[in-house]
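The values are calculated or read from the model by the stated rules, or taken from the named source; none is laboratory data. Model, not experiment: these values are computed from the prediction. FYI the Cβ positions are ideal-geometry reconstructions off the backbone, even for glycines, and counts take in every protein chain you see. Calculation scope for accessible area: heavy atoms of the full protein, side chains included, ligands and nucleic acids excluded. Shrake-Rupley method; radii C 1.70, N 1.55, O 1.52, S 1.80 Å.
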Amino acid sequence: MLLEALDGDETVVFTAAAGSVQVQVEPVGRWFEAYVKRRNRNVSASFQELEEEEESSEESEDEEFQLEECSMLRTLDPKDWKNQDHYAVLGLPHLRYKATQKQIKAAHKAIVLKHHPDKRKAAGEQIVEGDNDYFTCITKAIEILSDPVKRRAFDSVDPTFDNAVPSKGEGKENFFEVFASVFERNARWSSKKHVPKLGTMESSFEEVDNFYSFWYNFDSWREFSYLDEEEKEKAECRDERRWIEKQNRASRAQRKKEEMNRIRTLVDTAYSCDPRIKKFKEEEKARKESEKKAKAEAKKREQEEKERARQAELEAARLAKEKEEEEAKQVAQQAKKEKEIQKKAIKKERQKLRTTCKNWNYFADNEADSVKMMEEVEKLCDRLELTSLQSLNEVLASGSKEDGKAAVENQVQEVNAQLQREREAEVQARQAARSAEQASGGGGAGGKGWNEEDLQLLIKAVNLFPAGTNARWEVIANYMNLHSNSGMKRTAKDVINKAKNLQRLDPLQKDEINKKAFEKFKKEHTSVAPSIDNAVPSERFDASGSDGNAAPWTTEEQKLLEQALKTYPVSTPERWEKIAAAVPGRSKKDCMKRYKELVEMVKAKKAAQEQVAAKSKK
């Protein structure tokens, strides 16, 4: 331990000081008792010291307090002791709930020495016998105030306490002066010590939030048992005592509820009038606005960065595409140039071959052989490539006529052999396609027996029932079964497979089938049966229209006919003459015959659709 330095001297440590070490100390004796009290009350040692200082200050105040004797003491009614002010009776109206037990006992002792009946009787004063003397009020006052439970009940209904709550108008004018005293006054009911203060305009947000959190969760010890109308001790039986207790509990709970509503109203009013809350809300709003603005700006910058990156990517892609297009263009130009060069070279070699063969009369002695060889030479010009043509021309230019003839004949044989191989491959491909077609058509009758009449009927049905027709392929199959003379029953699957095979046919074969179908149609509609050569024309087909136009109807003529049929209804006199006049190039007989064909086609279409609908219902 260092010695205390004298005045003017300095204390110097010449050796290194040891580090601080935490030592566990166990309290014993009166210190252990103090420790247990602090632990049970959850307070620190410094807080206990403050309480001890407060107790010592209270003891010092006990020694200095002065009594204020009640001027109305002698006039009090002992029977109405419950409505009296006990603190005023004992001469402690200025201390009230702050008075200590020592002060209360001292005040009682002083007032008893002065107002005791024996003292007054010895002084010659007239004394009222029994409990009717005002001294009973002093006895009741000390009885209430000396008992902690009864004193708390009386303090809860202190007649001098102001329960008023300021209005919003009063609070807005001068908030801190109005509400500070109100909260300080109501803080006496708190079960917790150290009630937070209202603070000032400069208080921080944490302090204000702590203040309102405390008061919104205010725990009051105030109770109203002192105001019980009935005393259970006066009950004559147990049932009456229970009834009194029930009534008292109900009235206490009601008053407690009203008290908590009063505190809540006080806190709500203060919160709504507090200028600091308004300031905090404005600051919070400004902060949120700034955060929102910063967030929007950050998002905008991010979008701008993305847009710049996207534009850069697009620009890079555009430049790369332009570069690729330029390279492709250059490659195409180069290929075009090479192709042109090769084309010119092939043209030159072909011309050279033709000229050489022509000069040698195509290696023939007569006109027929010359023409035949000319055809073979043209075939060589069409089939041979540039290198082959160049090699052949070199042989023709360097060799004799016989050598040239042999070389040309050799090339002709190779080209003909190549053409023969190509034809054989094409025939095999067609046979394979036909075999696949038969296999896909099924093994039943639907995959066989497609003659030219059935094919023509299928093409007609496909055109008659275009795409979009309800149950199109079933309708086409029924139409063919109604109008086919082959006796084969076709299903929708057979019709679909055959239509697909027709689509895969060579265009020349399609044209041939269509041509045959048109020729058959023309033959059926232009020829007249011999059995009716001598028949008299009916009224609808008179002799005046015997010279008809056998050409197929065009789309424009069909539209004109349909419009004329709408313009001239059945009731129109000389209807068919007017219709024929509306269709240029067509006679009355042509128009009537075409109308009959259209009616038959519509009837057949409806019948096929009705059959499909009936099958689907079944």
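Here the calculated FRET efficiency for E340 and E378, from their Cβ-Cβ distance with R0 = 30 Å, stands at 0.85, rounded to the nearest 0.05.
For the stretch 287-436, what relative contact order do you get, as a whole percent, if you take Cα pairs closer than 8 Å and at least 6 residues apart?
On the way: 48 pairs, mean separation 25.8, N = 150.
In percent, rounded to a whole number, it is 17.
Ligands, DNA and RNA are left out, and with a 1.4 angstrom probe the accessible area of the stretch 287-436 is 78 Å² per residue.
Placing +1 on each Lys and Arg Cβ and -1 on each Asp and Glu Cβ, with no other charges, gives the stretch 271-362 a dipole about its Cα centre of roughly 780 debye. For K299, a cut-off of 24 angstrom between C-alpha atoms picks up these lysines, skipping any fewer than 8 places away in its own chain: K285, K288. Quick note on the stretch 81-173: its Rg to Rh ratio, both from C-alpha atoms and Rh being the Kirkwood radius, is 1.15.
Want the number for E258 to E231: 0.36 nm per residue separation, take away the alpha-carbon distance, what's left? Please report the intermediate quantities before stating the final value.
Values: separation 27, 0.36 × 27 = 9.72 nm, distance 2.26 nm.
Gain on extension, E258 to E231, equals 7.5 nm.
The modelled label-to-label distance between K82 and S616, using points 7 Å beyond Cα along the C-beta direction, is 9.6 nm. From the largest down, the stretch 267-406 spans 134, 25, 16 angstrom on the principal axes of its Cα atoms. Pairs exceeding 27 Å between alpha-carbon atoms, taken from K489/K603; K460/K578; K197/K295: K460/K578; K197/K295. Note on the stretch 198-306: with neighbouring protein chains present and a 1.4 Å probe, carbon and sulfur make up 48 percent of its accessible heavy-atom surface.
Among 289-295, 216-222, 267-273, the peptide with the highest mean count of other Cβ atoms within 10 Å heads the list, and the full ranking is 267-273, 216-222, 289-295.
Taking 0.36 nm per residue of separation and subtracting the current Cα-Cα distance, fully stretching the chain between R301 and S486 would add 58.6 nm. A Förster radius of 22 Å, combined with the Cβ-Cβ distance separating E452 from Q503, puts the computed FRET efficiency at roughly 0.80. Each of N361 and Y216 was given a label point 7 Å from its Cα along the Cα-to-Cβ line. The distance between the two points is 12.6 nm.
Full extension of the segment from Q22 to K605, taken as 0.36 nm per residue of separation minus the current Cα-Cα distance, would add 198.9 nm.
Can you return the lysines within cross-link range of K292? Criterion is Cα-Cα under 21 Å, with same-chain partners fewer than 8 residues away left out. In chain and number order, the partners are K278, K279, K281, K300, K306.
Can you tell me the FRET efficiency between Q418 and N463 if r is taken as the Cβ-Cβ distance and R0 is 35 Å, rounded to the nearest 0.05? Please report the intermediate quantities before stating the final value.
Numbers: r = 41 Å, r/R0 = 1.19.
Given R0 = 35 Å and the Cβ-Cβ separation, E is 0.25.
In order along the stretch 312-321, the phi-based Karplus estimate (6.51 cos²θ - 1.76 cosθ + 1.60, θ = phi - 60°) of 3J(HN,Hα) comes to 5, 5, 4, 5, 5, 5, 5, 5, 5, 5 Hz; Gly and Pro are listed as x. In terms of overall dimensions, the stretch 555-616 has a Cα radius of gyration and Dmax of 14.7, 46 angstrom. Can you pull out the GluC sites (Glu not before Pro) in the stretch 104-160 that DSSP calls coil and that have at most 14 other Cβ atoms within 10 Å? Here the GluC sites (Glu not before Pro) that fit, given the DSSP loop and packing criteria, are E125, E129. Placing a pseudo-label 7 Å from each Cα along the Cα-to-Cβ vector at D147 and I127 gives an inter-label distance of 2.6 nm.
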